[in-house]
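The values are calculated or read from the model by the stated rules, or taken from the named source; none is laboratory data. Note that the structure is a prediction, hence the values are computed from the model and not measured. Cβ placement follows ideal geometry from the backbone for every residue including glycine, while neighbour counts extend to all protein chains displayed. Areas reflect the complete protein model, heavy atoms only, side chains present, ligands, DNA and RNA absent. Shrake-Rupley method; radii C 1.70, N 1.55, O 1.52, S 1.80 Å.
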Amino acid sequence: MRNHVRVVVIGGGVVGASVLYHLTKAGWKDILLIERAELTSGSTWHAAGGMHTVNGDPNVARLQQYTINLYRELEEISGVSCGMHVTGGLLLAGTPERVDWLRMAVARGRYLDMDLELISPSEAKKRYPLLEEKHFLGAIHDPIEGHVDPYGVTQAYAKAAQMGGAEIVRQNRVLDTKQRPDGSWDVVTEHGTVHAEHLVNAGGLWAREVGRFVGLELPILAMEHQYFVTEDLPELKGQKELLHIIDFEAEIYMRQERQGLLLGTYERAGVPWSPATTPWDFGQDLLPNDLERIAPSVTVAFEHFPRLETAGIRKIVNGPFTFAPDGNPLVGPVKGLKNYWVACGVMAGFSQGGGVGLSLSNWIAEGDPGADIWAMDVARYGAWANRPYTNAKVRENYSRRFRIRFPNEELEAARPLRTTPIYETLREENAVFGDYCTLEHALWFAPKGAPAVENATFRRSNAHAHVAAECRAVREGCGLIEISNYGKFEVQGPGAAAWLSQLMTCRMPAVGRIALAPMLNERGRLIGDFTLCRLAEDHFFVVGTYAAEVFYLRWFERQLPPSGVSVRSCAMEYLGLSVAGPKSRELLQALVDQNLSTAVFPFLSFARMDVGMIPALVGRVSFTGELGYELWVTPEYLRALYDQLHDAGTAHGLRNFGGRALNALRLEKSFGNWAREFRPIYGPYEAGLGRFVHLDKADFIGKAAAAAEKGGGGVRKLITLVVDADDADAMGDEPIWHGDKVVGWVTSGGYGHSVGKSLALGYVENTVAGETAGFAVELMGERRAAIRSPEALVDPKGLRMRA
Ligand SMILES: Cc1cc2nc3c(=O)[nH]c(=O)nc-3n(C[C@H](O)[C@H](O)[C@H](O)COP(=O)(O)OP(=O)(O)OC[C@H]3O[C@@H](n4cnc5c(N)ncnc54)[C@H](O)[C@@H]3O)c2cc1C
């Protein structure tokens, strides 16, 4: 074993092997994989090996396509068979809602270059004779589904990596990892210590334990998972191999295994395995079977595929594999641990392992994953994702694996967890709550006496009329919304302004002023958008997206100079309320001594004020497009602030509004949102943020790339569409057509209640971005005509918020 390398990868499952291979592909040879036992000794060896391309997140779907297409290349390079069976697959729907879901998946596939086909039950029967047609309403056919041999794939990655110069050491457990002052790592193993520049935790079933060597508690949990294989069915002999099946109603997947069938379930009563600690002596072991647990699914499968009932069972497998709370992998550098990388929580190693290896190796070798992997980034979880939380959410996610998640559906596990001091008050006001990183926030307000429940649907819900009333209140009078769920940071020190200026594309605001601040990476892509509020020469209050708190802090830490600047999150130290609407100044003026007139406190002003007896930070900003103020207070004052604003607001018809109304109002203003319109795949000019990019100021990260984007015009543009919708609005990820061509995708959509129109924001190719007519958005399988609005639908000049 080498004793000094650039990278040590801990774990020789399919994921670690893929990371190793991809590092060699990136040109890194001085690398070492250390495996406790034999390759595949964790979850990998007993996997069913199924692979598929469809995923709820388009960016993850792209990486799944990459993974599946990689196997041929791997076989050619390594000479090792991956045991590929690209049979094609059927996703079977038995309810109208699931058919809607299939339609949306097919639509999404259009801009992902996926060749998905929506077919009737009788066509499905022709392609899969074992199914009972009457139970189904439709299906998708995907030609590149199938299965591989888990051992073969892992060996192929390993061999290809070794051919590229990597070393693999087996039968050697990593006992500890210790960081040196320079950020490099001592990896202590049973057979000596290796010094490495970088460390990759690909410990799979033991990734949690490996993380604990450095005090890291990764939000992953293993679940027991069962599949069985039937005896051979004589009718399959000599026939073309059967398609891979997902039957959503039975909650099963099924494929052919030799001449029998392999059937696995994601049962509702899933059981975690070793919830606290994975034993080191767990080897290539299986867990005791519990067919009772999967009986409800199997009973439905017998009805849907009657031949199964008479087929004897040859083998039952019950094995554990790990999940993150949302079911997506955990990939990337870990905040606070220099040169420490994770690639774990991968629940679909044979669909995702290649994409995970590619992104992580890019990130290590080039400082950037090379794709939008926010859905897999380990930084999407904060300290709130502790072990009990992870346990509750993983069980929920496992049980819902084959169930529909409606776009307006809020899941119930681990709730309510974090609440603010006005939670009970908002409940009394009949708020319907959503969960945002475990913090409860009001989505909309049901009428007094009515149940505070929203029906889960792809179409307009029972909230529609009530959200309309909330929007009207904001546009015509004034509304109040809690904004505690925003991310907040404090940046202080003599070097604060210079440092922020280096990070952000905008000019630094003067003391008492606010600047809107996009943040770019070195490639000139958007990695954040903030509101910079300057409290003093050396003190900034920075507001951004709370879900990206760890993502931002990881970036900030990387850029911090040794001294002169400090940055910290103060997200839960300041809670907030916003008042918005033409009457909001009158309302607030009744509570503060300062003159709030535009002459004295214009748009983008920021100051400490006493609001009644409550010390607050007050900023004049607007995400609704109306005159508005954001008020930040320490938590113990939030309740009193809410009461005072309501008391003063009675005279002005103040009404609570929630996140749904805010979304509708910002769509009418064509205001983008982080993680929807603004993501690391877009440049600032493409995203319409060019006016906040000051190429004439001193150097900032991404400046050269931004200048090049400005010069070249980028490849796409964010546009606003008015859609001729029926009872379903766009929600994001639908294809945008122009004529007969798919030219882009929707990033967010909804109903603009003040303008009475269905709206969508989305990116389209530059070639059509200047057109007005000829667009269509595919909603529920139908192309709905759309017209580009060259400007925001409400107050395009922004006069109201500046009034
Ligand atoms: C029953 C079952 C069916 C499945 N079916 C499918 C399927 O059809 N399709 C699909 O895509 N996925 C399937 N999976 C999931 C799939 O197995 C996982 O996604 C995949 O195996 C994860 O691979 P990994 O490399 O992350 O983890 P693992 O396979 O757990 O590998 C981790 C490796 O790290 C090693 N290791 C850990 N700690 C140390 C240490 N301290 N020192 C040295 N080595 C260490 C372990 O020995 C192990 O070999 C299934 C899983 C099960 C259990």
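Data for the structure
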{"item": "Number of positions in segment 36-67 that are of a type in the set (Val, Ile, Thr) and open to solvent by 10 Å² or more (accessible area, probe 1.4 Å)", "result": "2"}
{"item": "Number of the exception - residue 219 against (1) surrounded by 22 or more Cβ atoms within 10 Å (Cβ to Cβ); (2) away from the ligand (no atom under 13 Å from the Cβ); (3) under 29 Å from residue 4 (Cα atoms)", "result": "(3)"}
{"item": "Condition met for residue 238 (of a type in the set (Gly, Ala, Ser) and exposed (fewer than 15 other Cβ atoms within 10 Å of the Cβ))", "result": "yes"}
{"item": "Subset of segment 356-392 [among the aliphatic types (A, V, I, L, M), open to solvent by less than 30 Å² (accessible area, probe 1.4 Å) and over 25 Å from residue 571 (Cα atoms)]", "result": "356, 360, 364"}
{"item": "Test result for residue 153, in contact with a strand residue (DSSP E or B) (Cβ under 6 Å, 6 or more places away or on another chain) and either crowded, with 23+ Cβ neighbours inside 10 Å or assigned to a strand (DSSP E or B) (or both)", "result": "no"}
{"item": "Single condition residue 20 does not satisfy, out of (1) within 8 Å of the ligand (Cβ to nearest atom); (2) within 16 Å of residue 197 (Cα to Cα)", "result": "(1)"}
{"item": "Top-ranked residue in segment 573-592 [being open to solvent by less than 60 Å² (accessible area, probe 1.4 Å) and within 29 Å of the chain's Cα centre (by Cα); ranked as nearest to residue 496 (Cα to Cα)]", "result": "574"}
{"item": "Of all residues making up segment 235-253, the number that are farther than 16 Å from residue 267 by Cα, more than 16 Å from the ligand (Cβ to nearest atom) and either charged (D, E, K, R) or touching a residue at least 12 places away in the same chain (Cβ under 8 Å) (or both)", "result": "4"}
{"item": "Counted residues, segment 344-374 - those being at pLDDT 95 or above and either within 16 Å of the ligand (Cβ to nearest atom) or under 18 Å from residue 207 (Cβ atoms) (or both)", "result": "20"}
{"item": "Segment 336-357 residues that are closer than 20 Å to residue 148 by Cβ and among the β-branched types (Val, Ile, Thr), paired with ones that are open to solvent by less than 10 Å² (accessible area, probe 1.4 Å) and more than 10 Å from the ligand (Cβ to nearest atom) (beta carbon under 6 Å, 6 or more apart)", "result": "356/331"}
{"item": "Test: residue in segment 554-563 that is open to solvent by less than 30 Å² (accessible area, probe 1.4 Å) and touching a strand residue (DSSP E or B) at 6+ places or on another chain (Cβ under 6 Å)", "result": "yes"}
{"item": "Matching option when the condition is aliphatic (A, V, I, L, M) and either open to solvent by 10 Å² or more (accessible area, probe 1.4 Å) or modelled with pLDDT under 95 (or both), among 520, 500, 480, 516", "result": "516"}
{"item": "Test: residue in segment 130-139 that is within 16 Å of the ligand (Cβ to nearest atom) and open to solvent by 10 Å² or more (accessible area, probe 1.4 Å)", "result": "no"}
{"item": "Answer residue from segment 34-64, given it is aliphatic (A, V, I, L, M) and near the ligand (Cβ under 9 Å from one of its atoms) and is farthest from the chain's Cα centre (by Cα) among those", "result": "37"}
{"item": "Exclusive hit being of a type outside the set (S, T, N, Q) and over 29 Å from the mean Cα position of the chain (by Cα), set 628, 690, 659", "result": "628"}
{"item": "Members of segment 654-674 that are more than 22 Å from residue 689 (Cβ to Cβ) and either buried (at least 23 other Cβ atoms within 10 Å of the Cβ) or not aliphatic (A, V, I, L, M) (or both)", "result": "655, 656, 657, 658, 659, 660, 661"}
{"item": "Among (1) within 14 Å of the ligand (Cβ to nearest atom); (2) in a strand (DSSP E or B) - the single one residue 171 does not satisfy", "result": "(2)"}
{"item": "Selection count, segment 238-273, where residues are outside any loop (DSSP other than H, G, I, E, B) and among the acidic types (Asp, Glu)", "result": "2"}
{"item": "Positions within segment 283-300 being touching a Ser or Thr at 6+ places or on another chain (Cβ under 8 Å) and open to solvent by less than 40 Å² (accessible area, probe 1.4 Å), in sequence order", "result": "283, 294, 297, 298"}
{"item": "Candidates 727, 795, 733 - the one that is in a loop (DSSP other than H, G, I, E, B) and surrounded by fewer than 15 Cβ atoms within 10 Å (Cβ to Cβ)", "result": "727"}
{"item": "Within segment 197-216, tally of residues that are within 12 Å of the ligand (Cβ to nearest atom) and outside any loop (DSSP other than H, G, I, E, B)", "result": "12"}
{"item": "Any hit, segment 412-430, residues being assigned to a loop (DSSP other than H, G, I, E, B), closer than 26 Å to residue 748 by Cβ, charged (D, E, K, R) and open to solvent by 60 Å² or more (accessible area, probe 1.4 Å)", "result": "yes"}
{"item": "Subset of segment 558-568 [more than 13 Å from residue 492 (Cβ to Cβ) and of a type outside the set (Lys, Arg)]", "result": "559, 561, 562"}
{"item": "Residue under evaluation residue 120, criteria (1) among the small types (Gly, Ala, Ser); (2) crowded, with 18+ Cβ neighbours inside 10 Å; (3) over 26 Å from the mean Cα position of the chain (by Cα), criterion not met", "result": "(2)"}
{"item": "Residue within segment 755-762 that is at pLDDT 95 or above and either aromatic (Phe, Trp, Tyr) or assigned to a loop (DSSP other than H, G, I, E, B) (or both) present", "result": "yes"}
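Here's the yes/no breakdown for (1) acidic (Asp, Glu); (2) at positive phi; (3) not in a helix (DSSP H, G or I):
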| site | (1), (2), (3) |
| --- | --- |
| 491 | no, no, yes |
| 494 | no, no, yes |
| 517 | no, no, yes |
| 549 | yes, no, no |
| 564 | no, yes, yes |
| 573 | yes, no, yes |
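Condition check ((1) away from the ligand (no atom under 13 Å from the Cβ); (2) within 30 Å of residue 236 (Cα to Cα); (3) of a type outside the set (Val, Ile, Thr); (4) touching a His at 6+ places or on another chain (Cβ under 9 Å)) across all residues:
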| site | (1), (2), (3), (4) |
| --- | --- |
| 284 | no, no, yes, yes |
| 311 | yes, yes, yes, no |
| 319 | no, yes, yes, yes |
| 323 | no, no, yes, no |
| 337 | yes, no, yes, no |
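Each row is one residue, and each column tells you yes or no for (1) under 18 Å from residue 680 (Cβ atoms); (2) out of contact with any helix residue (DSSP H, G or I) (no Cβ under 9 Å at 6 or more places or on another chain); (3) charged (D, E, K, R).
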site: 354; (1), (2), (3): no, no, no
site: 369; (1), (2), (3): yes, no, no
site: 375; (1), (2), (3): yes, no, no
site: 384; (1), (2), (3): no, yes, no
site: 387; (1), (2), (3): no, no, yes
site: 390; (1), (2), (3): no, yes, no
site: 397; (1), (2), (3): no, yes, no
